[in-house]
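First comes the structure, then the notes that go with it.
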Amino acid sequence: MVRHAEPGTAQWAESGGGPLVAVPEAVLPFWTGADGEEAASDYDRACEVDGPVGLLPVGDGAALVLGDEPAATAYLPEHGVLVRWIAADTEAELLARVPAALDTADWEPPVEWRVPGPVVLFDAAWPGSHATGTGHLRLALPAGRYGVGAAQVRPGPETWLALVRLRPLL
């Protein structure tokens, strides 16, 4: 589900309990979600990702899986980061702590993700053909290579969030 907050605040993508996945629009029809006819569906493969991020082949591209927590996630393009809401009393409190979290984050080694252009972030259980009809976020990423790193940060006593940084690589 995507929660549309008041103007000026973030839009959030949420899952029904499993991972979120960011699939390039160019290969979106190839993501089968939980409906796959193979022994292991795309959703099953996404659930097997060990760690905060992972890549799965989809068509002639790759999907970025956000593992670990089925946390509500927003994209903050001004920071080039996906913010995953683990714990905070309010959205405003969480978003206000993002700059400090970015400054103190201990990033895991990045994975390289090649994208042909914009991607859609949605619940991995949905087939790509239905992803834009469900709660989703569209990330207007320029085509290129990205270093994707993750970190979990506690920037305040009651605030805990996960970050997934999308850094363009030259």
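VAL120 falls short on exactly one of the conditions (1) under 22 Å from ASP50 (Cβ atoms); (2) in a strand (DSSP E or B); (3) touching a residue at least 40 places away in the same chain (Cβ under 8 Å); (4) out of contact with any Gly (no Cβ under 7 Å at 6 or more places or on another chain), and that condition is (1).
Each row is one residue, and each column tells you yes or no for (1) in contact (Cβ under 8 Å) with a residue 60 or more places away in the chain; (2) among the aromatic types (Phe, Trp, Tyr); (3) assigned to a loop (DSSP other than H, G, I, E, B).
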| site | (1), (2), (3) |
| --- | --- |
| ASP68 | yes, no, yes |
| GLU78 | no, no, yes |
| ILE86 | yes, no, no |
| ASP89 | yes, no, yes |
| TRP107 | no, yes, yes |
| ARG114 | no, no, no |
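Confirm whether GLY33 is in contact (Cβ under 8 Å) with a residue 12 or more places away in the chain, touching a His at 6+ places or on another chain (Cβ under 9 Å), within 21 Å of HIS130 (Cα to Cα) and not basic (Lys, Arg). It is true that GLY33 is in contact (Cβ under 8 Å) with a residue 12 or more places away in the chain, touching a His at 6+ places or on another chain (Cβ under 9 Å), within 21 Å of HIS130 (Cα to Cα) and not basic (Lys, Arg).
In the stretch 127-138, is there at least one residue being among the aliphatic types (A, V, I, L, M) and not in a strand (DSSP E or B)?
Filtering the stretch 127-138 down to residues among the aliphatic types (A, V, I, L, M) leaves 131, 137.
Going one step further and asking which of them are not in a strand (DSSP E or B), we end up with 131.
Within the stretch 127-138, one or more residues are among the aliphatic types (A, V, I, L, M) and not in a strand (DSSP E or B).
Listed conditions (1) within 16 Å of GLU14 (Cβ to Cβ); (2) modelled with pLDDT under 95 are all met by SER129, apart from (1).
Check the stretch 1-20 and report whether any residue there is modelled with pLDDT under 95, outside any loop (DSSP other than H, G, I, E, B) and either out of contact with any Leu (no Cβ under 9 Å at 6 or more places or on another chain) or among the hydroxyl-bearing types (Ser, Thr, Tyr) (or both). Checking the stretch 1-20: at least one residue is modelled with pLDDT under 95, outside any loop (DSSP other than H, G, I, E, B) and either out of contact with any Leu (no Cβ under 9 Å at 6 or more places or on another chain) or among the hydroxyl-bearing types (Ser, Thr, Tyr) (or both). Which one is modelled with the highest pLDDT, of the residues in the stretch 154-170 that are crowded, with 19+ Cβ neighbours inside 10 Å and in contact with an Asp or Glu (Cβ under 8 Å, 6 or more places away or on another chain)? In this case the residue turns out to be ALA162. Restricting LEU82, LEU94, LEU141 to those that are buried (at least 20 other Cβ atoms within 10 Å of the Cβ), assigned to a loop (DSSP other than H, G, I, E, B) and among the hydrophobic types (A, V, I, L, M, F, W, C) reduces the list to LEU141. In the stretch 53-65 there is no residue matching the filter, namely being at negative phi, modelled with pLDDT of 95 or more, assigned to a helix (DSSP H, G or I) and of a type in the set (A, V, I, L, M, F, W, C).
The values are calculated or read from the model by the stated rules, or taken from the named source; none is laboratory data. Given the structure is predicted, the values throughout are model-derived calculations rather than measurements. Methodologically, a virtual Cβ is constructed for each residue, glycine included, from the backbone with ideal geometry; neighbour enumeration extends over all protein chains shown.
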